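Working notes, beginning with the structure itself.
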Amino acid sequence: MVLQTVGLLQKEIPLEEESVVISEHVNTGLVLVDIINGFCTPGSGSLAPREPNRQISQMIDESERLTRLFCDKKWPVLAFLDSHRPDQPEHPYPPHCLTGTDESNLVPALRWLEREPNFTMRRKDCYDGFIGSIEEDGSNVFVNWVKTNKIKVLLVLGICTDICVLDFVCSTLSARNRGFLSPLEDVVVYSRGCATFDFPVSVARDTKDAIAHPQELMHHVGLYMAKGRGAKIAKAVSIECTLQKP
């Protein structure tokens, strides 16, 4: 039934994806959204999957592949990590990814990133990494990162496609459109590098105050909404290989 619903949705709101080749001659930045234990590693928290999940595993694999390519070239990489104080709830979700716990740390496959000189880490206490980058003095860590690295193309991966990824992409595109993120031109969301959680109707109906969240359907909706805001949706991402002259 779920697959039929997803198929109908894809027919009614089709999503055109493209293959994206990143040029070595265009400054490109990679943003990883919440690829942390509390959302990705089975059994690691109230919002973590209870068992291995294909979509999330694929996201982690693609994230590791691309971050290694970026780090080999010393290109800028920024990761948002969901981190909350116990006294700062995020309604309607239960307490999760508390500051200082392993829930709020990068998944094991990406922990090596913390030693890379081209890596920037930003802990955030809200859905939207753009808003979560605002400092007390009004400055914005993400905006400064874009400007300092003169980023023209932003490649976005992470979880959840329809929540934190979408919120960040929408804010970034709005800021770009207002001229606040010069020289940023394009925001690319890599579909296979994104994932969301699975909470089917069969479980939600027996859970108080719960809202069903079928994974494949909401993943598609998140990508569709991002495209509607002006993002490019990539079905494949590769880096242009420039042959060196002998």
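Reported count of residues in the range 1-57, each being modelled with pLDDT under 95, closer than 20 Å to residue 190 by Cβ and aliphatic (A, V, I, L, M), is 3.
Could you list, in sequence order, all residues of the range 33-59 that are hydrophobic (A, V, I, L, M, F, W, C) and closer than 21 Å to residue 214 by Cβ?
Scanning the range 33-59 gives 33, 39, 40, 47, 48, 56, 59.
Return the only residue of 229, 205 being surrounded by 10 or more Cβ atoms within 10 Å (Cβ to Cβ), of a type in the set (Lys, Arg) and either closer than 22 Å to residue 164 by Cβ or modelled with pLDDT under 65 (or both). Result: 229 is the single residue among 229, 205 that is surrounded by 10 or more Cβ atoms within 10 Å (Cβ to Cβ), of a type in the set (Lys, Arg) and either closer than 22 Å to residue 164 by Cβ or modelled with pLDDT under 65 (or both). Does residue 91 count as under 26 Å from residue 150 (Cβ atoms), open to solvent by 30 Å² or more (accessible area, probe 1.4 Å) and out of contact with any helix residue (DSSP H, G or I) (no Cβ under 7 Å at 6 or more places or on another chain)? Against the criterion (under 26 Å from residue 150 (Cβ atoms), open to solvent by 30 Å² or more (accessible area, probe 1.4 Å) and out of contact with any helix residue (DSSP H, G or I) (no Cβ under 7 Å at 6 or more places or on another chain)), residue 91 does not qualify. Note on the range 1-56: among residues that are aliphatic (A, V, I, L, M) and surrounded by fewer than 11 Cβ atoms within 10 Å (Cβ to Cβ), the one that is nearest to residue 221 (Cα to Cα) is 3. Only helices (runs of 4 or more DSSP H) whose full extent lies in the range 28-138 are considered here, and the ones with at least 3 residues that are touching a Phe, Trp or Tyr at 6+ places or on another chain (Cβ under 8 Å) are 54-72, 129-132.
Looking only at the range 109-123, filter to residues that are basic (Lys, Arg) and within 15 Å of residue 37 (Cα to Cα); which one of those is surrounded by the fewest Cβ atoms within 10 Å (Cβ to Cβ)?
Taking the range 109-123 and keeping what is basic (Lys, Arg), we get 111, 115, 122-123.
Still in the list and also within 15 Å of residue 37 (Cα to Cα): 111, 123.
Values: 111: 11, 123: 16.
Looking at the filtered set, the residue picked out is 111.
Looking only at the range 152-190, filter to residues that are of a type in the set (S, T, N, Q) and buried (at least 24 other Cβ atoms within 10 Å of the Cβ); which one of those is nearest to the chain's Cα centre (by Cα)? Walk me through how you get there before you give the answer.
Just the residues of the range 152-190 that are of a type in the set (S, T, N, Q), to begin with: 161, 171-172, 174, 177, 182.
Going one step further and asking which of them are buried (at least 24 other Cβ atoms within 10 Å of the Cβ), we end up with 161, 172.
On the way: 161: 7, 172: 13 Å.
So, considering only residues that are of a type in the set (S, T, N, Q) and buried (at least 24 other Cβ atoms within 10 Å of the Cβ), the one nearest to the chain's Cα centre (by Cα) is 161.
The values are calculated or read from the model by the stated rules, or taken from the named source; none is laboratory data. This is a predicted model, so every value here is computed, not measured. Note: ideal-geometry Cβ built from the backbone for every residue, glycine included; neighbour counts use all protein chains shown. We work out accessible area using only protein heavy atoms, side chains counted, and drop any ligands, DNA or RNA first. Shrake-Rupley method; radii C 1.70, N 1.55, O 1.52, S 1.80 Å.
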